[in-house]
Amino acid sequence: MNRPVEPSPMPPHQAEATNSRNNRRLMSTIWKHRKEYLAISPFYILFAIFGLFPIGFSMFLSFQKWDGISEMSFNGLKNYQFMLTDPEFWRAVSNTLLIWIYSTIPMLFFALIIAFLLHASFMRFRTFFRIGYFLPNVTSLVAVAIVFGTVFSNNYGLLNYVLSLVGLESVEWLNKTWGIQLAISVMIIWRWVGYNAIIYLAGLQSIPSVLYEAAKIDGASGLQAFFRITIPCLRPIILFTVITSTIGGMQIFTEPQVLVGNDGGVSGGGLTIVLYLYREAFVNNYFGYGAAVGWGMFILIALFSILNWRMVQGNSSNH
Amino acid sequence: MFTRKSFVLYLGLTIGLLLSIFPFYWLVVMATRTTSDIYSYPPKLWFGPHLFDNISRVMASIDFFGAFLNTLFVASACTILVLFFDSLAGFTFAKFDFPGRKWLFIVLLATMMAPAQLSLVPSFVIMATFGWVGTFKALIIPGMVNAFGIFWIRQYAQESIPSELLDAGKIDGCGFFRLYWNVALPILRPALSFLAAFTFIGVWNDYLWPLIILNDESKFTLQVALASLNGIYTTDYAMVIAGTLLAVIPLIVLFLFVSKQFISDIAAGAIKS
């Protein structure tokens, strides 16, 4: 790279010699650092085998008809064609989006409130509350789904009992589209509110108090300080939580699978994209089709992440 | 001191906390009751005498202890391997200069974006080709090193390992591996303990991948065993619930031990990235 500029092109044999000398020098620096390369290599080797190769391979598979046992056969775009015309796929997409909306908005809202409350509370209590709020997050999803199954149970569930106390009729939660989606959303909210609250709390704590003091001196009201200081400072963290909840929300699987089974319940309201993918690939053994659905999901996640990004960026330019 | 404002504040926090804790309480209550108690009006909200009955039926229906040991083995193996490979790579990225370092690290960060579900089918096919379907290898080996942990350790190593210490070690004749093992690892311990808890909890709770990979009941992890218990014994719900309680307890105990530091580190990790 640092070779001096040559006034005239080198004769070919001389250029070759320089090249090979450079190569040798590069090889010898690499050889000198072989231990460093060896130390970081496991990640790259493993990623090549279990990360990179599967991505290419799933592209290949998505053009094949294959049940995992008999011979593969090329069938062009038929998997994608089937996916785009299968009403169940679109059902799964809309279920996933609805569950994502029902869960993410209240979740982040409550998390923000809890974070503010924690921020204002005494240090001594804060540790205790933080542990309590975080506990749901380390509990396994299978266990959560089993416990919430008794809360949302069609007959004699805990929630139906509460409804009967206020004189309302009981609801067959798990048989109704909106009922099952509500149940799944409640599970997601319950499991992730504390996690997000703790992240927001860390964000609040990282805002220098000098900013608030300066605002006070300038005569800003509490509300003004909130919208002019707190929210802008929290924006990157809010973006982080929105993106992680989007990626997580598009991959909902365990809750509906344990709660209502591989078909997403009687109404099909719990059939999410990953559950659909799992059913088509691993229950019905349509491996080629499963790979195509994987790509469909990938595009959906990418689209939504970009949309989120735009939304948050767009808001910032308005202020 | 105890103003109206702080009353509202602690009231809000306490209501939230009760909602957060209630399902755990409800789980314990149900585990001590019979199935007809669970589905009775009004619901029984206090503990009953049937816990040991229920637990003994769990033990009779599935090899619970076996599933527990399987999970413990997979989670421990994964955690130990992750700690070793991630800390070695993170330390190297933080403290050594070599051609392509920056570029390789950017690639590493970019891999975190690759969605795991995209490669669900091909990963399974790869495992089948290796003959690993139904084995713990398929659960442990793909997860034994990860980008997040390397990133995490690198951040910590950059801030906490003084370069002078490494230079002194080199003068004393420490080789690369000795520097890692004797100098870096002791300093990295706080970062490692978070990574250990994070990995262990994640692997312990993993469901989709073990569900796809494990086909023999004797190899089931707790989550897969629990889900199959839930699917088969729909009439003996008290037993299913007791199994759920048993599966949840070890992790809660672990979490309570590490919770304070763990929660701060989760938040710090989010803020950094």
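The values are calculated or read from the model by the stated rules, or taken from the named source; none is laboratory data. None of these values were measured; they are calculated from a predicted model. For neighbour counting, all protein chains shown are included, and Cβ atoms are generated from backbone atoms with ideal geometry for every residue, glycine included.
Collect the residues in segment B:201-256 that are touching a residue at least 40 places away in the same chain (Cβ under 8 Å), aromatic (Phe, Trp, Tyr) and over 14 Å from residue A:147 (Cα atoms), keeping them in residue-number order.
Result: B:204, B:209, B:220, B:233, B:255.
For segment B:96-147, enumerate the residues that are β-branched (Val, Ile, Thr) and in contact (Cβ under 8 Å) with a residue 40 or more places away in the chain.
Scanning segment B:96-147 gives B:133, B:135, B:140, B:145.
Given the conditions (1) touching a residue at least 40 places away in the same chain (Cβ under 8 Å); (2) over 23 Å from the mean Cα position of the chain (by Cα); (3) closer than 30 Å to residue B:54 by Cβ, and given that residue B:166 satisfies all but one, which numbered condition is not satisfied?
For residue B:166, the failing item is (3).
Which pairs turn up if I take residues in segment A:158-186 that are in contact (Cβ under 8 Å) with a residue 24 or more places away in the chain and closer than 14 Å to residue A:259 by Cα and look for partners that are of a type in the set (Asp, Glu) and crowded, with 17+ Cβ neighbours inside 10 Å with beta carbon separation below 7 Å, at least 6 apart in sequence or on another chain?
Short answer, once both residue conditions are applied: A:184/A:255.
Here are B:42, B:23: which of them is at the interface with another protein chain (Cβ under 8 Å from one of its Cβ atoms) and assigned to a loop (DSSP other than H, G, I, E, B)?
Exactly one residue qualifies, and that residue is B:42.
In contact (Cβ under 8 Å) with a residue 60 or more places away in the chain and facing chain B (nearest Cβ under 10 Å): does that describe residue A:201?
Judged against the criteria, residue A:201 is a match.
For segment A:150-180, give me the residue count where each residue is more than 9 Å from every other protein chain (Cβ to nearest Cβ) and either of a type in the set (A, V, I, L, M) or under 18 Å from the mean Cα position of the chain (by Cα) (or both).
Number satisfying all stated conditions: 8.
Could you please let me know if residue B:33 is farther than 30 Å from residue A:118 by Cβ, in contact (Cβ under 8 Å) with a residue 40 or more places away in the chain, more than 9 Å from chain A (Cβ to nearest Cβ) and in contact with a His (Cβ under 7 Å, 6 or more places away or on another chain)?
In short, yes.
What number of residues within segment B:62-100 satisfy the criterion of being surrounded by 16 or more Cβ atoms within 10 Å (Cβ to Cβ) and either charged (D, E, K, R) or under 25 Å from residue B:233 (Cβ atoms) (or both)?
Going through segment B:62-100 one residue at a time, the tally reaches 9.
Please enumerate the residues belonging to segment A:63-92 that are farther than 17 Å from residue A:295 by Cα and in a loop (DSSP other than H, G, I, E, B).
Matches in segment A:63-92: A:67, A:68, A:69, A:70, A:71, A:72.
Return yes when residue A:201 is in the same structural domain as residue A:136 (by TED's automatic domain parsing) and in a helix (DSSP H, G or I) and no when it is not.
Considered against the rule, which asks whether it is in the same structural domain as residue A:136 (by TED's automatic domain parsing) and in a helix (DSSP H, G or I), residue A:201 comes out as yes.
Can you name the condition, by its number, that residue B:60 falls short on among (1) more than 27 Å from the chain's Cα centre (by Cα); (2) modelled with pLDDT of 95 or more?
Status for residue B:60: all satisfied but (2).
Looking only at segment B:127-146, count every residue that is at the interface with another protein chain (Cβ under 7 Å from one of its Cβ atoms) and in contact with a Ser or Thr (Cβ under 9 Å, 6 or more places away or on another chain) and tell me the total.
Qualifying residue count for the region: 1.
For every residue, the table says whether it meets (1) assigned by TED's automatic domain parsing to the domain that holds residue A:197; (2) under 22 Å from the mean Cα position of the chain (by Cα); (3) without any contact (Cβ under 8 Å) to a residue 40 or more places away in the chain.
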{"position": "A:90", "(1), (2), (3)": "yes, yes, yes"}
{"position": "A:96", "(1), (2), (3)": "yes, yes, no"}
{"position": "A:106", "(1), (2), (3)": "yes, yes, no"}
{"position": "A:112", "(1), (2), (3)": "yes, yes, no"}
{"position": "A:121", "(1), (2), (3)": "yes, no, yes"}
{"position": "A:129", "(1), (2), (3)": "yes, no, yes"}
{"position": "A:136", "(1), (2), (3)": "yes, yes, no"}
